[in-house]
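*Asks:* Below is one structure. I have some questions about it.
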Amino acid sequence: MVKSLLEAEGLEVANMELGKASVNGQIDAEQLNRLIPALQEEGFLLIDDKKQQLVAAIKSIIVDTVHYTDLDDMKENFSTLLSTRLQKDYHLLSSLFSELEGTTIEQYIIQQKIEKVKELLRYNELSLSEISYKLGYSSVAHLSAQFKKVTGLTPSQFRQTDAGRIPLDKI
């Protein structure tokens, strides 16, 4: 969708990846004035501030890792993963994230994990022990305690309710 919007403005797309698009050449003010509302209409935001871009990249890596990989297979911790992928010192990333988001990277990771737990509980295909292992928790008790702290419910209570998930872009 983003690619087609950019091309509709006569822009040549150089690179597309999750959460990021690059174009060849410059975008003039007139194109930008048409592009911003078109992107917003499709649910996208144009982020041109370097700090915001870095925070968006941090979020993208975390969401991709938590929701689309098995964390039990992860060989490195999130601080190393972020530092390596973004080629920045983790303390800089952490400070910037906290400053702009009002929460820590660790809390953001926990929120994403809990949303993944909710999803897996709704599917009702895995036991809590299997979910715990899949998301890299040290124990079922640790997962349960964290889940209750964030949601106010135990995983078992959540399974029995109609409580919903939070959209990932609202976390």
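*Asks:* What FRET efficiency would be calculated for the residue pair GLN107, GLU30, taking the C-beta separation as r and a Förster radius of 41 Å, to the nearest 0.05?
*Replies:* Result of the calculation: an efficiency of 0.50.
*Asks:* With axes computed from alpha carbons, what is the tilt in degrees of helix 29-41 against the longest principal axis of the chain, rounded to the nearest 10 within 0 to 90?
*Replies:* 30
*Asks:* If you plug each phi of the stretch 95-102 into the Karplus form 6.51 cos²θ - 1.76 cosθ + 1.60 with θ = phi - 60°, what whole-Hz ³J(HN,Hα) values come out, in order, with x for Gly and Pro?
*Replies:* Each residue of the stretch 95-102 in turn: 4, 4, 4, 4, 4, 8, 9, x Hz.
*Asks:* Still on this structure, please answer the following. Could you state the per residue volume, in Å³, of the convex hull enclosing the Cα atoms of the chain?
*Replies:* Details: hull volume 24.3 nm³, N = 171.
Here the figure is 142 Å³ per residue.
*Asks:* Under a crude label model (7 Å from the Cα following the beta-carbon direction), how far is ALA56 from VAL150 in nanometres?
*Replies:* 2.4
*Asks:* Using a Cα-Cα cut-off of under 23 Å, which lysines could be cross-linked to LYS50, ignoring same-chain neighbours fewer than 8 residues away?
*Replies:* Counting by Cα, and skipping residues close in sequence, LYS50 has these lysines nearby: LYS3, LYS20, LYS59, LYS88, LYS170.
*Asks:* Further, regarding this structure: Could you give the C-alpha radius of gyration of the stretch 37-136 expressed as a fraction of 2.2 N^0.38 Å, taking N as the number of residues it contains?
*Replies:* Computed over Cα atoms of the stretch 37-136, the ratio equals 1.21.
*Asks:* Give the Debye-formula value of log10 I(q)/I(0) at each listed q (0.12, 0.24 Å⁻¹), with one equal scatterer per alpha carbon of the stretch 1-86, two decimals each.
*Replies:* -0.46, -1.22
*Asks:* Right, another one. Quantify, in whole percent, the carbon and sulfur part of the accessible surface of the stretch 42-83 (1.4 Å probe; protein heavy atoms only). If you can, show how the numbers build up before the last one.
*Replies:* Numbers: 1220 of 2420 Å².
Within the stretch 42-83, the accessible surface is 50 percent carbon and sulfur.
*Asks:* Measure nothing fancy, just the Cα-based angle from helix 140-151's long axis to the longest principal axis of the chain, in degrees from 0 to 90, nearest 10.
*Replies:* Result, in degrees: 60.
*Asks:* Here's a follow-up. Could you check which residue among ALA14, ALA145, ALA57 shows the biggest mean-square fluctuation in a GNM of the chain with a 10 Å Cα cutoff?
*Replies:* Comparing ALA14, ALA145, ALA57 in the GNM, the peak value goes to ALA14.
*Asks:* Find the relative contact order for the chain and round it to a whole percent, using C-alpha pairs within less than 8 Å whose residues are 6+ positions apart. It would help to have the intermediate numbers written out before the result.
*Replies:* Values: 131 pairs, mean separation 26.8, N = 171.
Relative contact order for the chain comes out at 16 percent.
*Asks:* Run down the aspartates and glutamates and flag those whose C-alpha is under 12 Å from the C-alpha of LYS134, throwing out any fewer than 8 positions away in its chain.
*Replies:* LYS134 reaches ASP70, ASP72, ASP73.
*Asks:* Which value in deg cm²/dmol, rounded to the nearest 500, describes the helix-derived mean residue ellipticity at 222 nm for the chain, given -39,500 (n - 2.57) per DSSP H run of n ≥ 4 and division by the residue count?
*Replies:* Details: 9 runs with 104 residues, N = 171.
Computed mean residue ellipticity for the chain: -18500 deg cm²/dmol.
The values are calculated or read from the model by the stated rules, or taken from the named source; none is laboratory data. Please read these numbers as outputs of a predicted model, since none were measured by experiment. Cβ: placed from backbone, ideal geometry, glycine included. Neighbour counts: every protein chain shown. Just so you know, the surface numbers come from the protein's heavy atoms only, side chains and all, with ligands and any DNA or RNA stripped out. Shrake-Rupley method; radii C 1.70, N 1.55, O 1.52, S 1.80 Å.
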